[in-house]
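The values are calculated or read from the model by the stated rules, or taken from the named source; none is laboratory data. Here the structure is a predicted model, which is why all the values come from computation and not from measurement. As a convention, Cβ positions derive from the backbone with ideal geometry for all residues, glycine included, and neighbour counts pool all protein chains shown.
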Amino acid sequence: MAKGAKKSKRLRRGGTLMMLAVLLMGSAAVRLGLEAGPAIAREVASLQQPGGGEMEHKGETPMSKMPSSAELQTMLAAFQEREKALAAREAELQDRLKALEIADQAIEQKLAALQEAEEKLRATLALADGATEADVTRLTTVYEQMKPKEAAALFEEMDPGFAAGFLARMQPEAAAGIMAGLSPEAAYTISVVLAGRNGAVPKE
């Protein structure tokens, strides 16, 4: 009897423990259902809204606002075309600058050549003027040393302006002797030319 009583008591105790385990598991299931229900309901509601499957996180850009691959390709192509256009423009400007530099160098060379030619021309004119002046002075001296009658015969055939130029350079005594040997017409014409030359000289 004692063994049967102990066995019966162990069975009752095990059944009580089993019952407590079942009750605890049921309570846990009820709590899980109560907590998971609202979350499931919110998830279902979000899925039913347009774009509900793509939640926006704070600080992140929505995928719907990001450029697509085709748009990125288009933007890249536009940037490349712009870069090519700028490179072509830069190359064109460089060519123009080189052309201007070449033109400037050519102009400088031409100016230098013109200046050199002008200096040579001035030197030549100076030599010519010096030679002419020397020749005229020498010829004037020759006329002065000639006999007045012989010189007057030459001056009679000269152009009045040319003859007046020589007479103006001569010593007064020699010029007077030549004028005395001229015909009245030639002497008068040369005198008018000489008077005109002296009249053109500034008085002050």
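Across the range 146-202, what is the number of residues that are over 19 Å from V136 (Cα atoms), of a type outside the set (G, A, S) and at pLDDT below 90?
3
Please indicate, with yes or no, whether at least one residue in the range 133-148 is more than 30 Å from Y188 (Cα to Cα) and out of contact with any Pro (no Cβ under 7 Å at 6 or more places or on another chain).
No, every residue in the range 133-148 fails to be more than 30 Å from Y188 (Cα to Cα) and out of contact with any Pro (no Cβ under 7 Å at 6 or more places or on another chain).
Would you please list the contacts, defined by Cβ atoms under 6 Å and residues six or more apart or on different chains, that run from a residue in the range 136-162 that is loosely packed, with under 13 Cβ neighbours inside 10 Å to a residue that is part of a helix (DSSP H, G or I)?
K149/G181
Okay, residues lined up against (1) at pLDDT 85 or above; (2) not hydroxyl-bearing (S, T, Y):
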position: M55; (1), (2): no, yes
position: S64; (1), (2): no, no
position: L72; (1), (2): no, yes
position: L76; (1), (2): yes, yes
position: E83; (1), (2): yes, yes
position: R96; (1), (2): yes, yes
position: L100; (1), (2): yes, yes
position: E108; (1), (2): yes, yes
position: T124; (1), (2): no, no
